[in-house]
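Chemist: The structure under discussion is supplied below as structure tokens; questions concerning it will follow.
The values are calculated or read from the model by the stated rules, or taken from the named source; none is laboratory data. Bear in mind that the values here come from a model prediction, so they are computed numbers and not experimental data. Cβ placement follows ideal geometry from the backbone for every residue including glycine, while neighbour counts extend to all protein chains displayed. For the accessible areas, the whole protein counts, side chains as well, though only heavy atoms, and no ligand, DNA or RNA atoms are used. Shrake-Rupley method; radii C 1.70, N 1.55, O 1.52, S 1.80 Å.
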Amino acid sequence: MAEHNNRAGLLLALCGFAILSVGDAVVKTMADDWSPIAVAALRFTIGATVLAGFLRGKEGAKAFRPAKLWLQAARGFCLAGATLCFFSAIFVMPLADATAIGFVAPFLVAILSGPLLKEKVAPVTWFAASLAFVGVLMILRPNVAELGVAALLPLGGATFFSLMVVGNRAAAGTGSVLSMQFFIAAFAAPVLVGSAIIGNYSGISLLSVGMPDWTVVARCALVALTATTAHWLVYLGTTKAGAATIAPMTYVQLLVAVILGWVWFDHVPDVTAMAGACIIIASGLILWSAGKPKAR
């Protein structure tokens, strides 16, 4: 029975992580159609609205009163920052490169958990994190030369994401999984809407917000649907197999990103960048292996 649950959990997580990269690829298709900030704002506005309906139906009006309001707001702000950076990154650089750099988030979480959550940071964590950043530098090499500081966007996204995960840990137990999903989306949406308005008046053509084509709205809705479905599948996988078991499945995102980037956008993988991605994955597996509970 345990083996069956592990297999089911791994399959659910695998599907969830793969769907996340499909959603990212859909976002990239809008690179020439609308502002990346506006895309993020609409995606989370749709997501928060749908989640609100589910939360109201399942838990009632009382579920909309969050515990630790400022912590929920901080989670939403960090999610908004992570989304803004990542969406902007995949608008201007290869999907696989942006995805690979995003995988430094677990190392940042482990390092930040020391000063923020008073958790002990093991020596193996520092080793794996140092190795991962070598991989990041290898991926950034061609992108910085071509894009300048814009190539650092996925690193900024990973930093915001890691802060969000630390916030999630601090908020654990303060509400149901559904309410936690709703609150983070509900607090992220207005931050992104405000950012889109500022971007529209910034004079930067890429951030100009006009009336979107109906296909843009449809794609934003699709991204909201795929992301919500993916997170739910990963959650179900975690409940069946455990977080430690499914953790390596996250790297399927990179494989799917490479394939979709090649097929949809004609981005032939750069050998050095892919070598850097492999180093990041190896570092993640080292961190995962060190954190696995020892068999008795």
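Chemist: Can you tally the net charge around Pro212? Count Lys and Arg as +1, Asp and Glu as -1, for every other residue whose Cβ sits under 10 Å from the Cβ of Pro212.
Modeler: Its environment carries a net charge of -1.
Chemist: From zero outward in steps of 10 Å, how is the percent of C-alpha pairs of the stretch 129-284 spread across the bins?
Modeler: 8, 26, 36, 27, 3
Chemist: Looking at [x] 16.5; [y] 14.2; [z] 23.7, which value of mean projected area of the Cα convex hull in nm² comes from a calculation on the structure shown?
Modeler: [x]
Chemist: Mind checking the dipole of the stretch 46-133: about its Cα centre, +1 per Lys or Arg Cβ, -1 per Asp or Glu Cβ, Debye to the nearest 20?
Modeler: I would put it at about 540 debye.
Chemist: Assigning unit charges at the beta carbon (Lys, Arg +1; Asp, Glu -1) and nothing else, what dipole magnitude in debye, to the nearest 20, does the chain show about its Cα centre?
Modeler: That gives the chain a dipole magnitude of about 1340 debye.
Chemist: Can you give the Rg to Rh ratio for the stretch 189-275, taking only C-alpha atoms and Rh from Kirkwood?
Modeler: 1.08
Chemist: So, one more: I want to check a number: in the chain, how many lysine pairs have alpha carbons closer than 21 Å, given a sequence separation of 8 or more or different chains?
Modeler: Value for the chain: 6.
Chemist: Hey, what number do you get for the chain at 222 nm if only DSSP H runs of n ≥ 4 count, each worth -39500 (n - 2.57), divided across all residues, to the nearest 500?
Modeler: On the way: 12 runs with 231 residues, N = 296.
Calculated mean residue ellipticity at 222 nm is -26500 deg cm²/dmol.
Chemist: Among 212-225, 52-65, how do they line up by average Cβ neighbours within 10 Å per residue, starting with the highest?
Modeler: The most tightly packed comes first, giving 212-225, 52-65.
Chemist: Here is a further query. Thr174: net charge of surrounding residues, Cβ under 13 Å, Lys/Arg +1, Asp/Glu -1, itself excluded?
Modeler: Cβ neighbours under 13 Å give a net charge of +4.
Chemist: As a test question: what accessible area, to the nearest 10 Å², does Phe187 have when a 1.4 Å probe is rolled over all protein chains in place?
Modeler: 60 Å²
Chemist: Under a 1.4 Å probe, what is the accessible area of the stretch 181-296 per residue, stated in Å²? It would help to have the intermediate numbers written out before the result.
Modeler: On the way: 6330 Å² over 116 residues.
Ligands and nucleic acids excluded, the result is 55 Å² per residue.
Chemist: Additional query: Quote to one decimal, in nm, the extra length available between Asp32 and Tyr201 on full extension: 0.36 nm per residue of separation minus the C-alpha distance between them.
Modeler: The span from Asp32 to Tyr201 would gain 59.0 nm if fully extended.
Chemist: Further question: Along the charge dipole of the chain, Cβ charges K/R +1 and D/E -1, which of Ala151, Ser283, Trp262 sits furthest on the positive end?
Modeler: Towards the positive end, the residue furthest out is Ser283.
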